1. Would you calculate the separation in nanometres between label points at Arg197 and Arg52, each defined as 7 Å from the Cα along the Cα-to-beta-carbon direction?
2. Between Ser89 and Trp180, what is the FRET efficiency for a Förster distance of 22 Å, r being their Cβ-Cβ separation, to the nearest 0.05?
3. Please identify the chymotrypsin sites (Phe, Trp or Tyr not before Pro) of the range 9-104 that satisfy two criteria: DSSP loop assignment and at most 12 other Cβ atoms within 10 Å. Which are they?
4. Determine, for Asp64, Asp104, Asp80, the number of other Cβ atoms within 10 Å of each Cβ, and report the residues in order from fewest to most.
5. Cα centroids of the range 196-213 and the range 158-176: how far apart, whole angstrom?
6. Given Cβ point charges of +1 (Lys, Arg) and -1 (Asp, Glu) and nothing else, what value in debye, to the nearest 20, does the dipole of the range 133-227 about its Cα centre take?
7. Any idea what % of Cα-Cα pairs in the range 144-220 are farther than 16 Å?
8. Per DSSP H run of n ≥ 4, the term is -39500 (n - 2.57); total these for the chain, divide by its residue number, and report the mean residue ellipticity at 222 nm rounded to 500 deg cm²/dmol.
Amino acid sequence: MSHLLSYREDDAIGPLQRDEAIALFGIIRSLRPKLVVEFGFFHGHSAFNFLRALPADGQLFSYDIDEDSISRAGREFGFDRRFTFVGKSQVDFDASDIGGQLIDFVFFDAAHELELNIATFSRIVDQLAPDAMIAIHDTGLWDRGHFAPIHATFTREYPGEWVTEEMYAHQPGERAFVDWIVAGPHGFAAIHLHSTRTLRHGLSLLQRKRALAVPRVEGYARQDMGR
């Protein structure tokens with residue numbers, strides 16, 4: 001986990017913060033997904049974190065159309081056979097990009113626009129494994145009390161929404177996207193890794209709802225009760 005020391009924390013704008021990278025690292029290590037799809041490579045912060053966490057037989061497909069991202073991916077990630085860079089927009093996802101395989105984990109951190117994310121979701125939903133997990137970055141609120149000068153500048157120069165006088169949604173489209181998925185017909189529920197005790201971009205994790213209890217076999221139940 002030594003790579004996590006290179007991730008910035010309180011003053012980060014855009015990329016994963018260190019604690020968020022730690023959380024995702026732990027989730028991937030726990031789930032051991034075979035196939036991860038990432039929308040939004042940027043400088044490769046999250047991709048490198050995923051590769052450090054993935055098992056030896058795991059695969060990561062990362063999408064981006066930025067020229068610097070394309071160059072950086074080829075220059076800095078070509079050594080890892082588990083990594084495939086897809087130089088196309090997230091809304092152009094096609095099952096053939098990933099060999100028709102099912103997706104175990106998908107990470108949204110690219111468009112930040114509700115309409116584009118909805119279009120992308122409609123293209124990937126049939127490729128999601130039954131217990132697939134969706135992670136969406138930038139769904140939290142910034143508490144004004146934790147602002148550094150860079151955050152005050154951001155709120156003046158970039159579109160966002162003040163939810164209250166003290167709470168700012170820096171990517172309201174991502175928050176709306178989570179609500180759209182949960183309200184939809186595919187049966188997803190969400191949990192939010194948000195905090196107002198520090199400045200946190202925020203992650204939301206979604207997975208299809210399912211009951212954990214299973215019917216007990218009658219004979220097994222009697223044997224169990226006799227112990």
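Quick note: the coordinates plus some simple rules give every number you see, no bench work behind them. Please read these numbers as outputs of a predicted model, since none were measured by experiment. Cβ coordinates were reconstructed from backbone atoms using ideal geometry, including for glycine residues, and neighbour counts include every protein chain displayed.
1. Placing both labels 7 Å beyond Cα along the Cβ direction yields 2.4 nm.
2. With R0 = 22 Å, the Cβ-Cβ based efficiency is 0.70.
3. Within the range 9-104, the qualifying chymotrypsin sites (Phe, Trp or Tyr not before Pro) (loop, at most 12 other Cβ atoms within 10 Å) are Phe79.
4. Fewest to most other Cβ atoms nearby, the residues stand as Asp80, Asp104, Asp64.
5. When both Cα centres are located, 18 Å separates them.
6. Computed about the Cα centre, the dipole is about 600 debye.
7. Cα-Cα pairs in the range 144-220 separated by more than 16 Å: 63 percent.
8. Using -39500 (n - 2.57) per qualifying helix, the result is -9500 deg cm²/dmol.
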